[in-house]
Amino acid sequence: MPEQPCGSNGVQMSRIYLDNASSMPVDFRVFEFAKPYLMASHGNPSSLHSVGLEAKQAVEESRRKIAEFIHAENENTIIFTGSATEANNLAVKGTALRNIIQGKAIIASAIEHMSVINPMKEMQKNGFSFTSLSVDSTGVVDLKKLENILTKNTVLTSIMYANNEIGTIEPISEISKIVHEKGKYLHVDAVAAAGRIPIDVQKDGIDLLTLSSNDLYGPQGAGALYVKPGVKIQSVLLGGGQERGLRSGTENVFSIVGMGEAARIAQQEMKQESSRLLPIRDKLIKEILKIDQSYLTGHPSQRLPHHASFRFSYIEGESILLNMDMYDIQVSTGSACSSKTLEPSHVLLAIGLKHEEAHGSMVITLGRSTSMNDVELVSKATNETVQRLRKLSPMSQEWRK
Ligand code: PMP
């Protein structure tokens, strides 16, 4: 059996990896569990012979674990996809198009991931009316406005369980009640929240829900969409008819099996792990906010237990990230998926920050490799980084005058 190359959580020991919202290491237990499906049990689940059947059974077992993880009615509610992006596209386009006869209005919060916002905009080009729902300065959606913009033509409303960039948790049960009074379906992107806070699709009144394997310490290359029994949705990917015809294409068996096992482990360990991370997160926030002109972004209490996000005046997030990397501390600035564009994050603009304020952000997402011992090093490195960058910043020199 190969030795695990890194620390017990798959992260190199000297490194302080605090960018778990962008990518997580695969849990060693998950890798060991799913490994046979890359080799000896490599069958195609659609093949009728015994090797195919072995793969099919493993995929179905994983479906059961995911259904249990989110308290779904049964395993047939889970559609495996190749990523969370694909699940979000399927939710938005598949639901809007299948229910077009009932109305052509769709809503998403202004802080959704681009894999929700961009398909909504594409639907808009195809004749749907798309409304972006505003949030307050802590990132909580405006419930009064939601009530006002919903009509009986609103076939889909998409609000995330929690935001990946600012950590704010949305009041999903309340949102569900409001949506179902006038509109049709509620889709919830739970990528950032799953594995950190409990999710119960039935209690929460959710019609469609997106999950990502890698955000649960599972392998990349798998996502899932929960579709409540009775919810009407159509495929956006046509082919051999896998996944009840909703997502054609040969299943990524290794990643799907890994995702199921990752969800099982997350369900078992979430309570204990979140309680372990909470005081570490709070201490980090306390220490980092001692820096002059530093601010927490997102909600001060209704936030994910592993999430701390900040902004610092007069400096740029990209420089913060690269400076922190010199200490072998990996952090993020805004969304990993769009931070390459150097555009200010749409999430930070939506909570009311000015362009120059939105540029100076740092996002920390703790994980299984994080310990209380990291707090001193991380807060010291952050302080030194901010001071160094401010010395170089023309904006900061103006401010000091
Ligand atoms: N939704 C949220 C909230 C995310 O943070 C991400 C990125 N991890 C996605 C969707 C898309 O995930 P992926 O890029 O793995 O498809």
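Observations
- Magnitude of the charge dipole for the stretch 131-259, about its Cα centre and with charges confined to Cβ atoms of Lys, Arg (+1) and Asp, Glu (-1), is about 460 debye.
- In the chain, a dipole from Cβ-located charges (positive for Lys and Arg, negative for Asp and Glu) runs towards its positive end, and of I106, S361, F33 it is I106 whose Cα lies farthest in that direction.
- Computed over the chain, the per-residue total of -39500 (n - 2.57) for DSSP H runs of n ≥ 4 gives a 222 nm mean residue ellipticity of -11500 deg cm²/dmol, rounded to 500.
- As a rough guide to protection, the peptides 283-296, 379-392 ranked by mean Cβ packing within 10 Å, highest first, stand as 379-392, 283-296.
- Approximating the spin labels as points 7 Å out from Cα along Cα→Cβ, the M39-to-Q202 distance works out to 4.0 nm.
- Within a Gaussian network of the chain (alpha carbon springs, distance under 10 Å), most fluctuating of M39, M324, M160: M39
- In order along the stretch 195-207, the Karplus-derived 3J(HN,Hα) couplings, from 6.51 cos²θ - 1.76 cosθ + 1.60 at θ = phi - 60°, round to x, 10, 10, x, 10, 10, 4, 6, 5, 6, x, 9, 8 Hz, and Gly and Pro are given as x.
- Amide H contacts of A193: A162, each under 5 Å away and 5 or more positions distant or on a separate chain (H built 1.01 Å from N in the peptide plane; Pro and chain starts excluded).
- Estimated dipole of the stretch 28-266 in Debye, rounded to 20 [Cβ of Lys and Arg +1, of Asp and Glu -1, Cα centre]: 620 debye
- Counting other Cβ atoms within 10 Å as a rough exposure proxy, the listed residues D142, D374 run D142, D374 from fewest neighbours to most.
- Volume per residue of the C-alpha convex hull in the chain, rounded to whole Å³: 137 Å³
- The chain - charge dipole about Cα centre, Lys and Arg +1 at Cβ, Asp and Glu -1, debye rounded to 20: 720 debye
- Over the stretch 28-266, the fraction of Cα-Cα pairs per 10 Å bin, rounded to whole percents and listed from the shortest bin up, is 8, 34, 35, 17, 6, 1.
- Theoretical gain in end-to-end length, L48 to K125 [0.36 nm per residue, Cα-Cα removed]: 23.4 nm
- Here the ratio of the Cα radius of gyration of the stretch 102-146 to 2.2 N^0.38 Å is 1.20.
- With coordinates expressed along the principal axes, the C-alpha atoms belonging to the stretch 138-216 extend over 36, 26, 18 Å, beginning with the largest.
- Computing Rg and the Kirkwood Rh from the Cα coordinates of the stretch 68-209 gives a ratio, Rg/Rh, of 0.93.
- Relative packing of 349-358, 305-314, which averages over residues the other C-beta atoms within 10 Å, highest first: 305-314, 349-358
FYI, it's all coordinate maths here, none of it is from the lab. Because the structure is predicted, anything quoted here is derived from the model rather than measured. We place every Cβ from the backbone using ideal geometry, glycine too, and count neighbours over all the protein chains shown.
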